[in-house]
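Undergrad: Once you've had a glance at the structure underneath, I'll fire off some questions.
Bear in mind these aren't lab numbers, they're just calculated from the coordinates by the rules spelled out. Predicted model, so just to flag it, every value in this text is computed and none were measured. Here the Cβ is made from the backbone with ideal geometry for all residues, glycine too, and neighbour counts use every protein chain on show.
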Amino acid sequence: MGTRADIRSFTGHELKEYLIMKGHRPYRGEQVFRWLWTPYVHSFDAMSNLPKHLREELKQGFHLKCLEPIKVQVSKDGTRKIASRLEDNALIETVIIPEEGHRTVCVSTQVGCAMGCRFCRTARMGFIRDLTPSEIVLQVLMAIEELGGKRQAIRNIVFMGMGEPLMNYENLSKALHILQDTSGMDFSKRRITVSTCGIIPGIERLGQEHQVGLAISLHAPSSEKRSMLMPVNRQFDLRDLIGVLRRYPLAKRRRITIEYLVIRGVNDSPQDALELSRILQGIRVKVNLIPFNEVEGIPFKAPGQEAIESFCKILAEKGYTVTVRKSKGADIDAACGQLYAKIKDNESPRG
Ligand code: SF4
């Protein structure tokens with residue numbers, strides 16, 4: 001592929017500008033962009049309504065990145081985890097989660113992660129590299145192809161896979177533009193949620209530049225507990241994070257999702273629930289409780305059902321909307337915090 005530019009990392013606007021600069025008609029940019037984000041288009045030759053000379057020019061100037069699923073695992077509950085190998089042999093995972101009447105795709109933004117959250121399996125890979133905009137968006141296209149090629153097969157996109165999206169802000173930002181482009185996959189910003197462990201400068205930028213949904217992996221109601229679970233809290237303290245959430249420019253009828261992993265004996269007491277309700281007071285949030293999934297090598301335990309119910313009740317009594325996330329895909333290590341790319345070379349492509 002040499003030094004040819006990765007055309008699928010171009011936003012629609014950039015592509016249009018580029019082709020105009022090369023002397024092409026303005027509509028060509030949109031036409032090419034549409035092809036780039038059409039399922040099953042894996043070569044410039046497949047872009048059948050482009051003149052031959054333009055296809056040749058694109059071949060000379062650009063690399064058309066594709067993402068090949070090398071292993072698809074399907075859980076008992078219908079969750080699908082797709083592992084893909086990137087051009088440098090790095091592995092990433094994407095999860096398709098079935099929900100009532102629709103599906104959500106959970107995409108990765110980095111290979112591994114540098115944030116070191118103690119409950120997370122991805123953290124154990126360490127940080128390998130950022131994904132490019134094309135590698136981020138191609139996961140959605142691949143999920144659409146996996147489901148038969150209809151864009152409508154996917155309703156929501158959540159950035160909750162491997163990596164911390166806001167530590168790869170520039171590429172995330174381009175990916176958001178590409179996903180929402182009406183000439184491409186045309187996802188509404190209401191259908192996209194970016195989840196972060198609390199990178200304050202990134203949250204502020206995201207609020208100013210994109211009006212997509214925001215989810216915060218909070219997981220503890222005090223700085224002390226949070227720093228124990230999530231080293232990022234030593235850099236971006238809970239108190240400052242809560243301050244930023246208070247000022248976050250939310251669109252009408254939108255709320256910030258507070259993700260709270262409930263871990264037995266760590267953060268699941270009634271006092272923790274009361275403390276959480278206190279710090280969130282006055283912020284437009286909904287709380288999503290995630291019972292911890294026990295994972296090999298991680299020294300935490302799943303909470304008891306009673307603890308979850310009482311935690312939920314306390315928050316609800318304080319006026320919060322609370323949901324308890326049903327664990328999806330735990331039998332194939334696709335549940336929250338379980339992503340860890342580990343495909344052996346000799347494994348069969350579809351497990
Ligand atoms: S929970 Fe998210 S931010 Fe924390 S280490 Fe895992 S992937 Fe990174």
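Undergrad: Between segment 201-242 and segment 277-322, how many Å separate their Cα centres?
TA: 17
Undergrad: Near G304, within a Cβ-to-Cβ distance under 11 Å, what is the net charge of the other residues, with Lys and Arg +1 and Asp and Glu -1?
TA: -1
Undergrad: Tally the DSSP beta bridges in the chain and give the antiparallel ones as a percent, rounded to 5.
TA: Beta bridges within the chain, antiparallel portion: roughly 45 percent.
Undergrad: Report the paramagnetic label zone for H53: residues of segment 7-45 whose backbone N is under 14 Å from a point 7 Å from Cα along the Cα-to-Cβ axis.
TA: The answer is 22-25, whose backbone nitrogens lie closer than 14 Å to the label point.
Undergrad: What pairs in K16/K189; K76/K301; K81/K286; K174/K301; K81/K301; K76/K189 have C-alpha atoms more than 29 Å from each other?
TA: Beyond 29 Å: K174/K301; K76/K189.
Undergrad: Sum up the charges of everything whose Cβ sits under 14 Å from the Cβ of C113, counting Lys and Arg as +1 and Asp and Glu as -1, but leave C113 out.
TA: With Lys, Arg at +1 and Asp, Glu at -1, the neighbours total +1.
Undergrad: Work through the residues other than D45 whose Cβ is under 9 Å from its Cβ and net out their charges, Lys, Arg +1 and Asp, Glu -1.
TA: Computed value for this residue: +2.
Undergrad: Considering every pair of different Cα atoms, what Kirkwood radius, in Å, is found for the chain?
TA: On the way: mean 1/r = 0.0471 Å⁻¹.
It works out to 21.2 Å.
Undergrad: Please give the contour-minus-distance gain from E296 to D45: 0.36 nm per residue of separation, less the Cα-Cα distance, rounded to one decimal in nm. Don't jump to the answer; show the numbers that get you there.
TA: Working: separation 251, 0.36 × 251 = 90.36 nm, distance 4.66 nm.
Result for the pair: 85.7 nm of gain on full extension.
Undergrad: Find the relative contact order for the chain and round it to a whole percent, using C-alpha pairs within less than 8 Å whose residues are 6+ positions apart.
TA: Working: 653 pairs, mean separation 59.6, N = 351.
Over the chain, the number comes to 17 percent.
Undergrad: Report, in whole Å, the centroid distance computed from the Cα atoms of segment 47-71 and segment 93-119.
TA: With segment 47-71 and segment 93-119 each reduced to a Cα centre, they are spaced 28 Å.
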